[in-house]
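Participant: Attaching a single structure in structure tokens format; questions to follow.
The values are calculated or read from the model by the stated rules, or taken from the named source; none is laboratory data. Note that the structure is predicted; figures quoted are calculated from it, not measured. A quick note on method: Cβ atoms are made from the backbone with ideal geometry, for glycine too, and the neighbour counts reach across all protein chains shown.
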Amino acid sequence: MSCGTVEKSGTLDDTLVKVGGPSTRLVNSFFGNTANTVATYVQFFDEAETTDVTLGTTSPVFSWPLPAEASERGPWPHFFKKGIIIAATTTRSGSTAPATAAIDYNLSLG
């Protein structure tokens, strides 16, 4: 088990992204929804691969709401057994991408 953290960053839309493997802890997170004029949600799944998730069908472990035109620190700490898969959508458990722009993210994983 590593004592350090790994930083992951990028942009999110309704495309599933694998950001962590088995036995990964979400240590810290930051999300930017500054270009969207409506609230957006980041869905978190505890699955091994993106192919294990179907947005709108597979229930997320949790969804983090991002207010319109805002940036927020997200949920932490949280342990994922299988891996961390994330995506951004317009509803808590939906499958529609944010209308205007992708969501920026920066995650610290341990």
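Participant: Mind checking which residues of segment 82-104 are touching a strand residue (DSSP E or B) at 6+ places or on another chain (Cβ under 6 Å), more than 13 Å from Ala35 (Cα to Cα) and either without any contact (Cβ under 8 Å) to a residue 24 or more places away in the chain or not polar (S, T, N, Q) (or both)?
Facilitator: Within segment 82-104, Lys82, Gly83, Ile84, Ile85, Ile86, Ala87, Ala88, Arg92 meet the criteria.
Participant: Say whether the condition of being in a strand (DSSP E or B), touching a residue at least 24 places away in the same chain (Cβ under 8 Å) and touching a helix residue (DSSP H, G or I) at 6+ places or on another chain (Cβ under 7 Å) is met by at least one residue in segment 20-30.
Facilitator: Looking through segment 20-30, none of the residues is in a strand (DSSP E or B), touching a residue at least 24 places away in the same chain (Cβ under 8 Å) and touching a helix residue (DSSP H, G or I) at 6+ places or on another chain (Cβ under 7 Å).
Participant: Quick one: Arg92 ticks every box in (1) modelled with pLDDT of 95 or more; (2) more than 16 Å from Asp13 (Cα to Cα) except a single one, so which number is it?
Facilitator: (2)
Conditions (1) surrounded by 14 or more Cβ atoms within 10 Å (Cβ to Cβ); (2) among the charged types (D, E, K, R); (3) out of contact with any Phe, Trp or Tyr (no Cβ under 7 Å at 6 or more places or on another chain), marked per residue:
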| position | (1), (2), (3) |
| --- | --- |
| Gly56 | no, no, yes |
| Val61 | yes, no, no |
| Ala68 | no, no, yes |
| Glu72 | yes, yes, no |
| Ile86 | yes, no, no |
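Participant: Of all residues being small (Gly, Ala, Ser) and loosely packed, with under 15 Cβ neighbours inside 10 Å in segment 8-34, which is farthest from Asn106 (Cα to Cα)? Just the residue, please.
Facilitator: Among residues in segment 8-34 that are small (Gly, Ala, Ser) and loosely packed, with under 15 Cβ neighbours inside 10 Å, the one farthest from Asn106 (Cα to Cα) is Ser23.
Participant: Identify, please: which residue in segment 45-66 is in a strand (DSSP E or B) and touching a Ser or Thr at 6+ places or on another chain (Cβ under 7 Å) and is, among those, nearest to Asp104 (Cα to Cα)?
Facilitator: Taking the candidates together, the pick is Leu66.
Participant: Are any residues in segment 60-81 touching a residue at least 40 places away in the same chain (Cβ under 8 Å) and either more than 21 Å from Glu7 (Cα to Cα) or hydrophobic (A, V, I, L, M, F, W, C) (or both), and if so, which ones?
Facilitator: The answer is Trp76, Phe79, Phe80.
Participant: Here is a follow-up. Filter segment 67-110 for residues that are polar (S, T, N, Q) and outside any strand (DSSP E or B); which is farthest from the chain's Cα centre (by Cα)?
Facilitator: Taking the candidates together, the pick is Thr100.
Participant: Taking Ser9 as the residue in question, decide whether it is touching a strand residue (DSSP E or B) at 6+ places or on another chain (Cβ under 8 Å), of a type outside the set (Val, Ile, Thr) and in a loop (DSSP other than H, G, I, E, B).
Facilitator: For Ser9, the condition - touching a strand residue (DSSP E or B) at 6+ places or on another chain (Cβ under 8 Å), of a type outside the set (Val, Ile, Thr) and in a loop (DSSP other than H, G, I, E, B) - is not met.
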